[in-house]
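Visitor: Sharing a structure, written as structure tokens. Questions coming.
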Amino acid sequence: MTVTIDPAAVAARFRDELRAQLAEERTPLRLVGILAGEHGPSHTYATYAQRACMELGIHFELRKFPRLEAEAAIRSANADPAVHGIMVYYPIFATEHDAYLRDLVDPGKDIEGLHSSWARLLYENRRFVDAEKTRKAILPCTPLAILKLVEAAGFFHERGRPLEGRTVSVFNRSEVVGRPLASMLAHDGAHVYSFDVDGPLAFEPPPDADGAHRLSESPITRAEALAASDIVITGVPSKDFPLIRGDELRAGSLCINFSTYRNFADDISGKAACFVPRVGPMTVLMVIRNALRLRRNAQGG
């Protein structure tokens, strides 16, 4: 019988942990969300963030602008010392212009972990920003949320690297979610097959815990990868994606869907051990977790 995991229930545990940590802060966190488009899921995500912040006593201000004013809005929030963290809701232009805007956010306020300086640390598997290892690096919030859900589903090992020996297929290789997720999974010991329209790549775990993942072209097919995978994670934002069927899966696998579109067929029930239909509630909590970490980094770790 397939167990469906509600990410909101998992998020509740992290919410309690964050509430205790936030209670230790002398002043409340102040976060700003910048919404500069009509993308429906962005509005939903902003609502989730606002609600989660209110529940935790965090001041959250949602600022709405026409997309051509997004750059000025980011610069203004960067310059405001009262703002501790910035969220920008993408897509705005759905082009490389969005990548420029992601790098415009001050890394010290980038609570989504999307700035290229954070990406560099992630891909090099450098988990601290200082040589003394007192200030931890932050990770992009959606991939981090997915890893926490993998752990909640019981697919982490208790000793050694948490995903040592696991095989994972990821259908999505975007720079925002799929590629960093594949890297993070490999750094935790998994052998990862990453699929997108350009074909599969293999992310192999480093020989030791301090190294970076190894990347190579892979001849593996979708069918071969799914049959071998302990974990299947999908985020294909298209109705044309051929749904992953139960007969393609390895029995007892974990399936996670982070797309706004359904990527799995109904018949995975009974074949998969666990199914996570969405990750949104966890993503919001990881944003707040990052905000708290960045504030403590600014205070000296």
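Visitor: Read through the list (1) free of Cβ contacts under 8 Å to residues at least 40 places away in the same chain; (2) assigned to a helix (DSSP H, G or I); (3) among the hydroxyl-bearing types (Ser, Thr, Tyr), then give the number of the only condition that Thr283 fails.
Guide: (1)
Visitor: While we're on this one: Pick from the stretch 52-109 the residues that are of a type in the set (A, V, I, L, M) and in a loop (DSSP other than H, G, I, E, B): which of them is farthest from Leu35 (Cα to Cα)?
Guide: The initial filter retains those residues of the stretch 52-109 that are of a type in the set (A, V, I, L, M), namely 52, 54, 56, 58, 62, 68, 70, 72-74, 77, 79, 82-83, 86-88, 92, 94, 99, 101, 104-105.
Checking the rest, the ones that are also in a loop (DSSP other than H, G, I, E, B) come to 56, 58, 82-83, 92, 94, 105.
Working: Leu56: 22, Ile58: 19, Ala82: 19, Val83: 16, Ile92: 8, Ala94: 14, Val105: 14 Å.
Checked the stretch 52-109; the qualifying residue farthest from Leu35 (Cα to Cα) is Leu56.
Okay, residues lined up against (1) in contact with a Phe, Trp or Tyr (Cβ under 7 Å, 6 or more places away or on another chain); (2) at pLDDT 95 or above; (3) crowded, with 16+ Cβ neighbours inside 10 Å; (4) not assigned by TED's automatic domain parsing to the domain that holds Asn257:
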position	(1), (2), (3), (4)
Ala12	no, no, no, yes
Gln50	yes, no, yes, yes
His59	no, yes, no, yes
Ala70	no, yes, yes, yes
Val83	no, yes, yes, yes
Ile92	no, no, yes, yes
Thr95	no, no, no, yes
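Visitor: If I go through the stretch 205-221 residue by residue, how many of them are free of Cβ contacts under 8 Å to residues at least 40 places away in the same chain and either more than 17 Å from Ser183 (Cα to Cα) or touching a helix residue (DSSP H, G or I) at 6+ places or on another chain (Cβ under 6 Å) (or both)? Talk me through it step by step, then tell me what you get.
Guide: Just the residues of the stretch 205-221 that are free of Cβ contacts under 8 Å to residues at least 40 places away in the same chain, to begin with: 207-208, 214-221.
Next, from what is left, pick out any that are either more than 17 Å from Ser183 (Cα to Cα) or touching a helix residue (DSSP H, G or I) at 6+ places or on another chain (Cβ under 6 Å) (or both): 219-221.
Adding up the residues that qualify gives 3.
Visitor: Can I ask one more? If the requirement is being within 24 Å of Thr260 (Cβ to Cβ) and either in contact with a helix residue (DSSP H, G or I) (Cβ under 6 Å, 6 or more places away or on another chain) or outside the structural domain of Gly252 (by TED's automatic domain parsing) (or both), which of these qualifies: Pro180, Pro200? Spell out how you get there, then give the answer.
Guide: Details: Pro200 fails: either in contact with a helix residue (DSSP H, G or I) (Cβ under 6 Å, 6 or more places away or on another chain) or outside the structural domain of Gly252 (by TED's automatic domain parsing) (or both).
Exactly one residue qualifies, and that residue is Pro180.
Visitor: Would you say Glu38 is outside any helix (DSSP H, G or I), touching a residue at least 24 places away in the same chain (Cβ under 8 Å) and acidic (Asp, Glu)? Don't jump to the end; show me each part of the working.
Guide: Working: outside any helix (DSSP H, G or I): yes; touching a residue at least 24 places away in the same chain (Cβ under 8 Å): no; acidic (Asp, Glu): yes.
Here the answer is no, as Glu38 does not meet what is asked.
Visitor: Can you name the residue in the stretch 212-227 that is in contact with a Phe, Trp or Tyr (Cβ under 8 Å, 6 or more places away or on another chain) and of a type outside the set (Val, Ile, Thr) and, of all such residues, is surrounded by the most Cβ atoms within 10 Å (Cβ to Cβ)? Even if it seems obvious, please write down each step before you answer.
Guide: Taking the stretch 212-227 first, the residues in contact with a Phe, Trp or Tyr (Cβ under 8 Å, 6 or more places away or on another chain) are 212-215, 218, 220, 222, 225.
Subset that is of a type outside the set (Val, Ile, Thr): 212-215, 218, 222, 225.
Working: Ala212: 15, His213: 22, Arg214: 12, Leu215: 17, Ser218: 18, Arg222: 15, Ala225: 24.
So, considering only residues that are in contact with a Phe, Trp or Tyr (Cβ under 8 Å, 6 or more places away or on another chain) and of a type outside the set (Val, Ile, Thr), the one surrounded by the most Cβ atoms within 10 Å (Cβ to Cβ) is Ala225.
Visitor: From the list Ala209, Ala202, Ala182, Ala186, which one is among the small types (Gly, Ala, Ser), surrounded by 15 or more Cβ atoms within 10 Å (Cβ to Cβ) and outside any helix (DSSP H, G or I)?
Guide: On the way: Ala209 fails: surrounded by 15 or more Cβ atoms within 10 Å (Cβ to Cβ); Ala182 fails: outside any helix (DSSP H, G or I); Ala186 fails: outside any helix (DSSP H, G or I).
From the options Ala209, Ala202, Ala182, Ala186, the qualifying one is Ala202.
The values are calculated or read from the model by the stated rules, or taken from the named source; none is laboratory data. On a predicted model such as this, the values are computed, not experimentally measured, just so you know. Cβ: placed from backbone, ideal geometry, glycine included. Neighbour counts: every protein chain shown.
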